[in-house]
Structure formats: structure tokens, C-alpha cells
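Notes follow the structure.
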């Protein structure tokens, strides 16, 4: 979960914030109603108030939103902001919003369920001629060479090798796991041309993101992985790109190649990319052919091979799984049914502990279980 | 949640791993039964098998444990490892363990509930004369000067300031939030002597960690915060320290000072530190006096002031809160009661959607809610 410092660093990103601040100045009219989804510590909320909004609804399940009333007081913005410490799914508003503003991206805009969040919010909470900010993101890909990144990934199995242990399955798992580059990739690391491969229109229905591109070398080198970034259209001509070489709060996203490949002039790199709505499941297929048409490398990779699992766990994650409550689930079911507005959390934990089939857990553990349940499912 | 790469980098830390590997060689006898709590990708499990264990139980709620059977095959260790994809609280064993090995630390050993985990495991799962690894950790503190760290924290409110917005509450929140140093602190950053202030004996009962120390300047400089680290006793004379200047997988823990203070020869720094069992709530009180006895600075800081909250949210987090289920909680309660081993996750989501008082949520959202519930509370 984001900390106040994380939010602060997002707000300190001048490129990102200039686009958002100017979009708010342009879209928010005196008297507008604004909804800030994923408001965090509320910098966009404050800017919307300053732009003249009659009322700004700031929604976020992160408790950081409780700083916003204090910031409003510091800035003389009292009385125009309403805090909703929840998800936008649970939110109903007494009035439609003229402007919805949000930034729910991670290193890639497929982070979390924010396509669904903005579809739902546009349908239920935005006025018919209202403005949704941002408008769209376009995803790009290129092939990179970066020894530091390759070394970082190789260190994942080095501990096993140093103890004389075979670790091919560790290596395979790591090289099938997408990860943020943490600022490691430079513009000069790009070995090939780049190309857009998918587009996200916010608020609209869309299929899983996928695309096929063919890239040409810009120089010789060793390919270590695919770099993914996005170009954001915030509002009209306002936007930014997170391509390698930019220094923004966003990292690049990396899809490692399962083995390094020498890239030569005349080669062609064909990529097939696919990712689900939640950004959880990635698949990337790489085919590299020489000028003469010989296949130098072909690899099908997927985050499915990156996350260890068992047949049992796979089954449990599928929609056709028929679950029974685990012992923890039985306790959760009982604790939820004891939540009647009269028993305290401590009393529920004590009653749970007294039930004959509750295992002999430390009292603090049961209390923490009930506290977690109440935080997640209580009001 | 840790990824396979995270676990790999833990295993690649030679200092940490030398201590653990030698402790396992010393404690595990041919025929031993070993329990590896928080096994991750299982390097300690594999080392215990190689040391002659008859059986190793590897327990972890992280799905990374499903790599261990593959690693066992790669290394010819089949048939001697049992995987328990759960928490140790839910674990019962057919036999007591002769050796329990674990490393559940984050940047500080107060991360998560691992004191309680090891108390419970020692009481229920360890043979009477069994060996618990690690034995103890001792916590240290010193005062540091580091402009980069101070700048990193100051950037948290820079975005607000750049837009002409007051942000004192952001600043106060950030400077009351403990954080990992991410490798920023060097040995030369330490302005004062250091001192131990608390000790953790694993497997034993203990009170909340607290201590008072008085530190003397080693040089002049500007104090930016307190650096916390630990010295681990893994087994007997085997151990390591994570003090600034060491390059381990562990970061230092930083408690920022609410304002920078010039430290001079002859000053005295008195620190009162306290942290709860879960490492969630930190309090630190700093008093700096001159050689003449004048108080230069006194500050009481606490992570309570770092986490924004509201009176309502505070109440909800207390043991005396009497919760009612939220709309999400009502759905969770119903979904849990529908889990009878006959309905699939998809069927439960469809039945939920059809209930008259379920809000009009996207089908994918309800499916995800039920999937989450089944992952957390199903079997």
C-alpha cells in the first residue's frame, strides 16, 4: 500500500503533474463537481478546488486521504472537499461529476483493476457530457541490452549456485516474471526500433490487451529483454511518455528474455504480446530471424511460468473451483456473523477462542484475525 | 508479497547465508526432522536435506514453496521434503522437529508477527531438546547525517510547494514514518556512538521492545535521523550485523528527525525508543543537550503521527470497536456461507449478483471478490 512518501514522490514528478495540473485547469469550471479517484494525499483534489470546483469528492481506500482535510485547512479550502475512504465501487454520489480525474497506473497502466474502475465510474458517476481524465494510454515495446539488469536477474540464482545447488527452476521462474526496471534502462540501451502494440481508451469496454509488432535493429548488441512503456494522453494535447531516458516517477516494465541473444544488422524481431485486464498474466513470444530468413531464436514466455504453483493451487484459482472454507475461513465466517454492532472486536475474538473446534492459537493472533476482518469487511 | 527474485536475492547474500548454512550443518544430524518456517524457494530446506535430515517440512503461505519440489528433483533430494503451503499457525506435524530454522526478518526483526510465530512453533512443533535457529537479535541505534536521505524525504512535499500549496501536514506525516534506507547510509554517516537498546530472544515471551540510550558525538555534523540495525545470533558463535557500511540484503531502518539539528562535540543525545510486537507502531523521543546542560532539541515522534487517520478510522482499529458488516462484508459473509464444496466460484458470484440488495457491480468485480475470498479463506 502506498505511503504518504510514495504519494509525495508521485506529486513531485513535474512532467506528470504539469499534464494533470493543466488538464484540471482546462476542464474544471467555476461551479464544477469533480471526482478524484485514487486521490491519495489529494494534490489533484486541491488543484481542482483552486480551479474553482464547487465540490470535490476525493475517494481512496488508502487512509492517506485523511490528510486531505488538514491540507484543505492549511490552504484555506475548507468546506468544498468531501472524503470517501473506500473504493469507487462502493461510492454513490448525490450529484453527477462534471470531471473525473484519476491516476491509478503503476509502471504500466495495466496495474490493478483500474480499467474496470473507470468504466464503472464513467457509467455511474460522470455527467453525460462530463470529462474523464486521463483519456487514453498507448503501450510501446522495444528490445534492450542492459548488463546491470541481466546481472540483477542472474543474482536470483547465484546463492544456490554458490552452495553447489542446481537451480534451473529458479532461473526459469525469474526469467518469466515481468518486473519494474527501477530506473535502470537508458535510452541508449534500446537495440531496436520501438512500436506501439496496444491502446487503452479509459471508460470504454475493451478486450484483453494484445498486439504484434516487427522491430528492426538500430545497432548490434546482446538482447536481454523487452522494455514496455506508455504514452499517456491526459486531455487533448496534454500528455507525456515514460520511454527509457525519461526521468519520471514511473519505471519501465521489463519482460526478460529467457536467454541472451546477439542482435545483428539485418535481423528482424517479431513480438507477440498479451496481458489481461488486471495486468496479472503476461505472455510474450519472441522470434528473431536473420536477414536470410533463418530463425535465430524463438521463445514463448509467460508469467504463468514465473509464478510457482501446484495443480491444487491452480484449480483453486479457477472460476470452476468449488471451495470449502479452510479453518481460517470457518473462523472468518463465524466472526462475520458475530459482527452485529453490539459485540466488540475483543469480545468476538474471545468468543471465537472459546468455540470447541477453534485451534489453540495465541490470543493476540485471534485478535489480529478479527481486527483484519473488521478493517476489511466492517463498518 | 516476496517474488522468486526477492527470495533469490536473500539467498545470494553471502554473509547471511554463511551463518545460516553453517548453523544448519552444525544442528542437523543424520536422521533429524527439520521445520523450515518461511521457506520461500527453499534454500535452507535443501541445505538441511544435504546435511542429512530424514525429513524437512517447508512451510510458507507464499506460493514460491511450489518451486521446492522441482528444486528437490534437480538436486536428487526427492522423497525427503514435505511442502505446507500455509502459515505455521495452521500447521500440525506428525512428529516433533529436532531443528526449526527461519528468517522472517525485514529490515528490522520486528517485521510482521514473527515473534509470535516462533513462540507458537517452539511450543507446539519443536522437540523438547530441539534447536531453534536463529537464537536472538539485538537492536542498535545511532544518529546519522545523510543529505541524500534528507533530500529524498523533502521531495515528498516538493510537489505541493512547487504548485504553491501549503503542505506542513504532508511533511509532518513523512517525518513520523519509519522507512528502510535502501542502502543509502554509509558507516561514515554516523555522527554519534551507537548502542544496543533491545534484545529479542526467539521462542521466548517478551514485553514490547523498548530502551533508553545516551550517545556521544563522534564528529560535528547535521543530524537527520536515527539509524536502526540489528546484530543476529544465529547459533552459538555464528551471526552477523547489519550496521551501516555492511552490504547485505537487509536495509537499515530509519526513524527521521522532525527537524535537522547541528551536533557539536560535547553534546549528549538521549534516545527513548519503543516498538510493538508487530513492528507497526514506533515511538522515538530525542533529547539533545549541550555540554553546559542546555536543551538544544527535544522531540517526541511516533508512527502514529505518520499514518493519516480519522477519529472514525481510529475507533475502527481498536479492540473495543463494535463492527457491523459493510456492504462488502455482507457479500463476504454470504459468499463464505455459499462455499459448501458444491458451488463453483463462478456460481457463487452469479448467485451473489442475483441477490436483491447486491449493488450493480461489474460481473468481473464480483468474480474477483469471490476469487479473493476463496484464495484467502477457502480450501
Structure-based [θ]222 nm, chain B - -39500 (n - 2.57) summed over DSSP H runs of at least 4, per residue, nearest 500: -9000 deg cm²/dmol
So if each residue of separation counts as 0.36 nm, and I subtract the Cα-Cα distance between residue A:287 and residue A:312, what length gain in nm does that give? 5.7 nm
Label-reachable residues, segment B:255-283, where backbone N falls under 16 Å from a point 7 Å from residue B:219's Cα toward its Cβ: B:262-266
How many times 2.2 N^0.38 Å is the alpha carbon radius of gyration of segment B:276-328? 1.81
FRET efficiency for residue A:29 and residue B:80, Cβ-Cβ distance as r, R0 = 60 Å, nearest 0.05? 0.25
Using a/c under 1.5 as the rounded threshold, could you call the protein assembly as shown rounded, prolate or oblate? The axes a ≥ b ≥ c are square roots of the C-alpha gyration tensor eigenvalues, and prolate needs a/b larger than b/c, oblate otherwise. rounded
Mind checking the mean number of beta-carbon atoms from other chains within 10 Å of the Cβ atoms in A:304-312? 4
Which of rounded, prolate, oblate describes chain B, given a ≥ b ≥ c as roots of the alpha-carbon gyration tensor eigenvalues and a/c under 1.5 marking rounded, otherwise prolate only if a/b is larger than b/c? oblate
Suppose the chain between residue B:129 and residue B:111 were pulled fully straight at 0.36 nm per residue; how much longer would it get relative to their current alpha carbon spacing? 3.7 nm
Mind checking the mean number of beta-carbon atoms from other chains within 10 Å of the Cβ atoms in B:325-331? 6
One decimal, nm, nearest first: from residue A:266 to the same residue in each other copy, label points 7 Å out along Cα→Cβ, the values are 7.9
Mind sorting B:333, A:29 by how few other Cβ atoms lie within 10 Å of their own Cβ, fewest first? A:29, B:333
FRET efficiency (residue A:344, residue A:276; Cβ distance; R0 35 Å; to 0.05) is 0.25
At the level of C-alpha centres, the distance separating segment A:188-208 and segment A:1-56, in angstrom, is 25 Å
Restricting to Cα pairs under 8 Å and 6 or more apart, the percent relative contact order of chain B works out to 13 percent
In a Gaussian network model over chain B where Cα atoms closer than 10 Å are linked, find which of B:19, B:121, B:335 has the largest mean-square fluctuation. B:335
Points 7 angstrom from Cα along the Cβ direction at residue A:187 and residue B:1: gap in nanometres? 3.9 nm
Defining the label point at 7 Å along Cα→Cβ, can you sort the distances from residue B:350 to the same site in each other copy, shortest first, in nm? 4.6
Can you tell me the relative contact order of segment A:137-306? Whole percent, Cα pairs under 8 Å, sequence separation 6 or more. 27 percent
Could you tell me which of rounded, prolate or oblate describes segment A:4-133, using a ≥ b ≥ c as the square roots of the eigenvalues of the alpha-carbon gyration tensor, with rounded for a/c under 1.5 and, failing that, prolate when a/b is larger than b/c and oblate otherwise? rounded
Plugging the Cβ-Cβ distance of residue A:210 and residue B:168 into 1/(1 + (r/R0)^6) at R0 = 56 Å yields, to the nearest 0.05, a FRET efficiency of 0.75
May I ask you to report, in nm to one decimal and beginning with the shortest, the distances from residue B:299 to the same position in the other copies, taking label points 7 Å along Cα-to-Cβ? 4.8
Hey, fewest Cβ within 10 Å first, where do A:282, B:152 land in order? B:152, A:282
In peptide A:128-137, what is the residue-averaged number of other protein chain Cβ atoms found within 10 Å of each Cβ? 0
For the residue pair residue B:259 and residue A:155, what label-to-label distance in nm results when each label sits 7 Å from Cα along the Cα-to-beta-carbon direction? 3.9 nm
Normalised by the residues of segment B:318-379, what does the relative contact order come to in percent, with Cα pairs under 8 Å and at least six apart? 33 percent
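Coordinate-derived values only; no laboratory data. Quick caveat, the model's predicted, so the values are computed rather than measured. All Cβ positions, glycine included, derive from the backbone under ideal geometry; neighbour counts span all protein chains shown.
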